[in-house]
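One structure is given here, and the rest of the page talks about it.
The values are calculated or read from the model by the stated rules, or taken from the named source; none is laboratory data. Here the structure is a predicted model, which means the values were calculated and not measured. Here the Cβ positions follow ideal geometry from the backbone for every residue, glycine too, while neighbour counts run over all protein chains shown. Remember, those area values only see protein heavy atoms, side chains included, never the ligands or the DNA or RNA. Shrake-Rupley method; radii C 1.70, N 1.55, O 1.52, S 1.80 Å.
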Amino acid sequence: MHTIWQLTKRSNRLFFRDKTAVFMSLLSIGIIIMLYLLFLADVTTETAQEAATGASGMKALIQSWLLAGIIVVISLTVTLSVLGTMIEDAASNQLHALLITPITRTQLVVGYLLSAWFIAVLFSVSSLFLAQGYFWLTDKPTVAWDGLLTASGLIMLITFSSAAFLFVLLAPIKSRKSFSSLGTIVGTLSGFLLGIYIPIGQLPSFVQEITKFFPPAYGVAALRDVLMTPSMTDTFAGAPAAALDSFKDTFGVHITLFNSTAQLPVILGILLLTGIIFLSLGVWLRSARM
């Protein structure tokens, strides 16, 4: 464990030392926020109002909805950026230097993964608490402490699943150019597959089915349910129950599997199981290529 911890600290130092990598890992978040400030907030709020006739205070609700999406994007883009340390080590032959020491391939792989998980969780949980502080200061509905603890636990599991998923995608990557291209694809597609640019319910049916093969889509649904509950209670207080169900379906608060809504234990099981499967596959592929 001491060796793994030292490798994790080394990867952490290399990531934070590279200011460009830190900036680029958060670039997708900046783009999402800018698009919302420019026009997406108005469009999304209007869509939400149409999906929930009789509800009021939709703007605050959409902010909580956006926060959940941003946190899951962080779990992807920051994780990928930290894992870039592994690609950089391979491209600069540092990896070969490490492999001639008594350090095993498995220890190296686990060190990279732990570093990526730790930094992504740090950024995601910090974003959660900063946003809740902003909501509190501006008199918007905030999540209670037990909800924050639940959300923090969800973030840890979502980040684990995301890191394992990305680790498999990185298995064939050897050059900085290929890694950069993968980062662009992940940053762009994640906004669509998580239903941030366009609500899930407004996507074509076949695209909605595709999102069900993207593990973070389950995480964002569970996180939205936790973070939006206080806002939904206020917003839908005077609206019919059907309006709330319609809103949850359209905005990806619910995710449907086999014609029924996936409950939280099912979502947790999917995130954990896919994380273990992808982690095992990724470790095997990467260890074999080192």
| message | Report the Cα-based extents of segment 101-192 along its three principal axes, largest first, to the nearest Å. | response | 53, 33, 17
| query | Which distance in nm do the two modelled labels at S181 and F213 give, with both placed 7 Å along the Cα-to-Cβ direction? | reply | 2.1 nm
| query | If you stretched the chain out fully between L189 and N259, how much longer would it get, using 0.36 nm times the residue separation minus the C-alpha to C-alpha distance? | reply | 22.6 nm
| Convex hull per residue volume in Å³, alpha carbons only, for segment 46-134 | 116 Å³
| field | FRET efficiency for D42 and M1, using Cβ-Cβ distance with R0 set to 51 Å, rounded to 0.05 | value | 0.50
| Those lysines that a straight Cα-Cα span of less than 28 Å connects to K59, excepting residues fewer than 8 apart in one chain | K140, K212, K248
| request: Using a 1.4 angstrom probe on heavy atoms only, work out the carbon and sulfur share of the accessible area of the chain in %. | output: 68 percent
| For segment 273-281, what does the Karplus curve 6.51 cos²θ - 1.76 cosθ + 1.60, with θ = phi - 60°, yield as ³J(HN,Hα) per residue in whole Hz, taken in order and with x for Gly and Pro? | 5, 5, x, 5, 5, 5, 5, 4, 5
| Residue among V22, T44, T3 farthest towards the positive dipole end of the chain, charges placed on Cβ | T3
| Computed magnitude of the charge dipole of segment 216-290 (debye, nearest 20; Cβ of K, R +1, Cβ of D, E -1) | 460 debye
| Between W284 and M34, what is the FRET efficiency for a Förster distance of 51 Å, r being their Cβ-Cβ separation, to the nearest 0.05? | 0.80
| task | Enumerate by residue number the chymotrypsin sites (Phe, Trp or Tyr not before Pro) in segment 180-238 meeting two conditions: DSSP loop (anything except H, G, I, E, B), and at most 14 other Cβ atoms within 10 Å of the site's Cβ. | result | F213
| request: In nm, give the distance between the simple-model label positions of D139 and L268, each being 7 Å from the Cα along the Cα-to-Cβ direction. | output: 3.7 nm
| query | For the residue pair I103 and Q49, what label-to-label distance in nm results when each label sits 7 Å from Cα along the Cα-to-beta-carbon direction? | reply | 5.6 nm
| said: At 1.4 Å probe radius, can you tell me the per residue accessible area of segment 165-215 in Å²? | reply: 51 Å²
| task | Can you tell me how much longer the chain between T233 and L27 gets when fully stretched, taken as 0.36 nm per residue apart minus their C-alpha distance, in nm with one decimal? | result | 70.9 nm
| Mean 1/r over all different Cα pairs, inverted: what Kirkwood radius does the chain give, in Å? | 19.7 Å
| query | Could you give the dipole magnitude of the chain about its Cα centre, charging the beta-carbon of Lys and Arg +1 and that of Asp and Glu -1, in debye to the nearest 20? | reply | 1320 debye
| query | Against the longest alpha carbon principal axis of the chain, how many degrees, from 0 to 90 and to the nearest 10, is the axis of helix 241-250 turned? | reply | 30 degrees
| remark: In the neighbourhood of L194 defined by beta carbon distances under 13 Å, the net charge of the other residues (Lys, Arg +1; Asp, Glu -1) is +2
